[in-house]
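Report on one structure; see the data block that follows.
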Amino acid sequence: MSEANNAHNVSYLEYKGQYKGLLAWIFSTDHKRIGLLYLYTMLFFFSVAAILGLLMKTQLIAPGYTIMGPQTYNSLFTLHGIIMIFVIVVPGLPAVFGNFFLPIMIGAKDVAFPKLNLLSWWFYIIGILIVLTSQFMGDGPPDTGWTFYAPYSFRTPTNVLPAVFGAFVMGFSSILTGINFVVTIHRMRAPGMTWFKMPLFPWTLYGTAWIQILATPVIGITLLLIVAERLMGIGIFDPALGGDPILYQHLFWIYSHPAVYIMILPAMGAISEIIPVFSRKTIFGYKAIVLSTLAIAFVGYFVWGHHMFTSGMSGRALYTFSFLTFLVAIPSAIKVFNWVSTMHKGSLQMQTPFYWAVSFIFVFMIGGLSGLVLGSLATNVHVHDTHFVVAHFHFIVFGGTGYAFMAALHYWFPKMFGRMYDMNWANLGWGIFFIGFNTLYLPMFYLGIMGMPRRYYDYLPDFHGGNIVSSLGAWVMVSGIVIIFANLIRSARHGEKTTEKNPWGGKTLEWQVDTPPTLENFEEIPTIEKGPYEFED
Amino acid sequence: MSEEKHHIVSYRTHAFVLLALLVLTGISVAITQLEMGPMNTLAAMIIAGIKAAIVLAWFMHLKFESRFFAFMVSAVVVVFLLVLLVTFFDYSYR
């Protein structure tokens, strides 16, 4: 190896390996390059799914046919949901920032199984391609929604099979990433980094990885059963053949509710990194955050039934799931109190990542508290399957994971690319996005309480006012997204170069390595003596 | 890793394990002939659980690994059992 291409002194972006050009990326086993592969894939598909969402909101700006009919609308919300859930938010922060920063934050040179890591990305891409084929072949795009509920998913003539099978393949990616992270965290922490000296982002990745390993196989098998129902009519879910469609809902949500925690736990981890750095204060209640992370990961397994309160479960199951749902709110609230307490009397640095982090807390609280309305049996019956659920869901998943993703991207951007973005444009983009986001989703709470159902391309004239506001909000929000993306993409290529190791004043290990990091991250593996958030003054 | 000890299980032990698995498979087939209602399912699950434990212990070497791995696997089994328990809050009381 020549000195000019030494893994210790050449940035991972400039390192020349076996392959050149695009091949040097798609066959790279470097955790940082794989993280960026996920990032680019996600940003592309997020743009596609956001455009689908915008088209749906444009359709809803007035009652009746505006720009599309019911079948197109059904296909759009299905594809929007599949892309956003399976391609963006489930892999989300672990795939991008987990891959890039987990090894660096725990003082390792790579993940435990680099080749398996690359294989995960390939499974992910192959899964996406299979899903996309569902749009262009057979009897038209699937119209089931991302939940593929039985018995409709095996009665509809549309092209459900590739969509289901694609999601199944993407599940492998998730499981392999989970296994990789668990082994990496167990076996590759730097000397002296005990469990309670590990930063909080790796902690949340750890909790998430266990959910990925344990819950994802359930959805894999369930989706294969849908395939078997369609192809062979085995009758496990089909009531006409003695099957139980509620069993499908159980199996689907046994994965898909913990999946919400796959989405949100790493988001909470990223916020837990940003808040102390921009408050110049040690995180308040480190152990409480760690334990609440594990508690959320554990209790989150047993609350899936709150998606099924009107499906026909037994009364005893209803009470049990409602109780457990209220229980999981406690560790979530602990985290919010810890973040607010960290900021209290801190020296707050009003910069872009911090704006995203505090607005995350704001929208996540709205999402969380509206979740209690849905977790309560009596109120759930009234707002089930209405726009209230759509609003709650987007406040949690987009407001939670989406805001935290943007916070993390703006926080770690200079380290990842060795360039700085334009702070003014970034702040403007955040402001417009924040206004648009709330204008888009807050009216949906009102529409839902008034009784507007979800997943309809049409509505009664009574709901027109709320829909106009909401649709305008969608356009404002997308304007914000365009500004944010344009700024970041331009900055990644032409932004001001920086080699400053620690632009924000962080204390965790990623701020002690080169900017951008070298191929092997550390010339010498560090020995850890202090906790990750020890701000002296 | 080179410093880790590799326990070698004898052919004789493997043969006994195989035999145990075959006998248990025979029992789980035979038990379907008995009319025990929902208990048939429970019995099949218990036998399958025992078979899985045997495979984990000997074929997958859990018996010879550190106790920590056994603890991790046990935790996963507990989660799985709790998921079943919560599911049956629905099915047992419909």
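Take the accessible area of B alone and of A alone, subtract that of the pair with a 1.4 Å probe, and the total buried over both chains is about 1600 Å². Scalar couplings 3J(HN,Hα) for the stretch A:242-248, obtained by applying the Karplus form with A = 6.51, B = -1.76, C = 1.60 to θ = phi - 60°, are x, x, 10, x, 5, 4, 4 Hz; x denotes Gly and Pro.
Counting only lysines at least 8 places from B:K51 when in the same chain, those with an alpha carbon closer than 16 Å to its own are B:K63. Comparing each chain alone with all protein chains together (probe 1.4 Å, DNA, RNA and ligands left out), the residues of the stretch A:289-309 losing at least 20 Å² of accessible area are A:F298, A:Y301, A:F302, A:W304.
Across peptide B:80-86, the mean count of Cβ atoms from other chains lying within 10 Å of each residue's own Cβ comes to 4. What is the percent of Cα-Cα separations in the stretch A:427-537 that go past 19 Å? When all Cα pairs of the stretch A:427-537 are counted, 67 percent exceed 19 Å.
Once you have the alpha carbon radius of gyration of the protein assembly as shown, what is it after dividing by 2.2 N^0.38 Å, with N set to its residue count?
Numbers: Rg = 25.3 Å, N = 631, 2.2 N^0.38 = 25.5 Å.
Ratio of Cα Rg to 2.2 N^0.38 Å: 0.99.
Take every pair of alpha-carbon atoms less than 8 Å apart whose residues are at least six positions apart; their mean separation over the length of chain A yields a relative contact order of 19 percent. Pairs of C-alpha atoms in the stretch A:1-127 farther apart than 18 Å represent 62 percent of all such pairs. For the stretch A:176-192, what does the Karplus curve 6.51 cos²θ - 1.76 cosθ + 1.60, with θ = phi - 60°, yield as ³J(HN,Hα) per residue in whole Hz, taken in order and with x for Gly and Pro? Per-residue couplings from phi come out as 5, 4, x, 4, 4, 6, 4, 5, 4, 5, 5, 9, 10, 5, 5, x, x Hz. Please report, as a whole percent, how much of the solvent-accessible surface of the stretch A:243-310 comes from carbon and sulfur atoms (probe radius 1.4 Å). The computed percentage sits at 76. From the P(r) of chain B, can you give the percent of Cα pairs sitting at distances over 22 Å? Percentage above 22 Å: 48. Centroid-to-centroid, using Cα positions, the stretch A:413-440 and the stretch A:185-222 are 29 Å apart. Taking a ≥ b ≥ c as the square roots of the eigenvalues of the Cα gyration tensor, an a/c ratio of 1.5 or more together with a/b larger than b/c marks the stretch A:185-320 as prolate. Neighbouring Cβ atoms from other chains, within 10 Å of the Cβ of residues in A:210-223, number 1 on average. In chain A, the longest principal axis of the Cα atoms and the axis of helix A:387-396 are about 10 degrees apart. Separation of the alpha carbons by more than 22 angstrom is noted, of A:K16/A:K115; A:K32/A:K507; A:K115/A:K530, for A:K115/A:K530. The stretch A:226-252 and the stretch B:20-94 have Cα centres lying 24 Å from one another.
Longer than 27 Å from Cα to Cα, which of A:K109/A:K415; A:K109/A:K281; A:K57/A:K415 are they? Say none if no pair is. Present the calculation step by step, with values, prior to reporting the outcome.
Working: A:K109/A:K415 16 Å; A:K109/A:K281 29 Å; A:K57/A:K415 37 Å.
Among A:K109/A:K415; A:K109/A:K281; A:K57/A:K415, the Cα-Cα distance tops 27 Å for A:K109/A:K281; A:K57/A:K415.
Only Cα sites of the stretch A:296-337 enter the Debye sum here, all with the same form factor; the resulting log10 I(q)/I(0) across q = 0.20 1/Å is -0.59, listed in q order.
Against chain B, whose longest principal axis is taken from its Cα atoms, helix B:67-91 shows a tilt of about 10°.
Helical runs (DSSP H, four residues minimum) scored at -39500 (n - 2.57) apiece and divided by the length of chain A put the mean residue ellipticity at 222 nm at -21000 deg cm²/dmol. Computed over protein heavy atoms with a 1.4 Å probe, the carbon and sulfur contribution to the accessible area of the stretch A:427-537 reaches 59%. With θ taken as phi - 60° and the Karplus curve 6.51 cos²θ - 1.76 cosθ + 1.60 applied, the whole-hertz 3J(HN,Hα) list for the stretch A:452-460 is 6, x, 8, 6, 10, 7, 10, 7, 6 Hz, x standing for glycine and proline.
Summed over the residues of the protein assembly as shown and divided among them, the accessible surface reaches 43 Å² per residue at a probe radius of 1.4 Å. Run the reach check for A:K497 against aspartates and glutamates, Cα to Cα strictly under 17 Å, same-chain hits fewer than 8 apart removed. What comes back? Of all the aspartates and glutamates, those that pass the test against A:K497 - Cα under 17 Å, at least 8 places apart if same chain - are A:E14, A:D422, A:D514. Calculated translational diffusion coefficient of the stretch A:454-500 (37 °C, 0.692 mPa s; Stokes-Einstein with Kirkwood radius over alpha-carbon pairs) equals 238 µm²/s.
For chain A, the longest principal axis of the Cα atoms and the long axis of helix A:403-417 meet at an angle of about 30 degrees.
Give me the Å³ per residue figure for the convex hull around the C-alpha atoms of the stretch B:8-60. Numbers along the way, then the final one.
Details: hull volume 2.5 nm³, N = 53.
Spread over its residues, the Cα hull of the stretch B:8-60 gives 48 Å³ apiece.
The values are calculated or read from the model by the stated rules, or taken from the named source; none is laboratory data. Predicted model only: the values in this text are computed from it and were never measured. Please note: Cβ atoms are built from the backbone with ideal geometry, for glycine as well, and neighbour counts cover all protein chains shown. Side chains included, ligands, DNA and RNA excluded: accessible areas come from the protein's heavy atoms. Shrake-Rupley method; radii C 1.70, N 1.55, O 1.52, S 1.80 Å.
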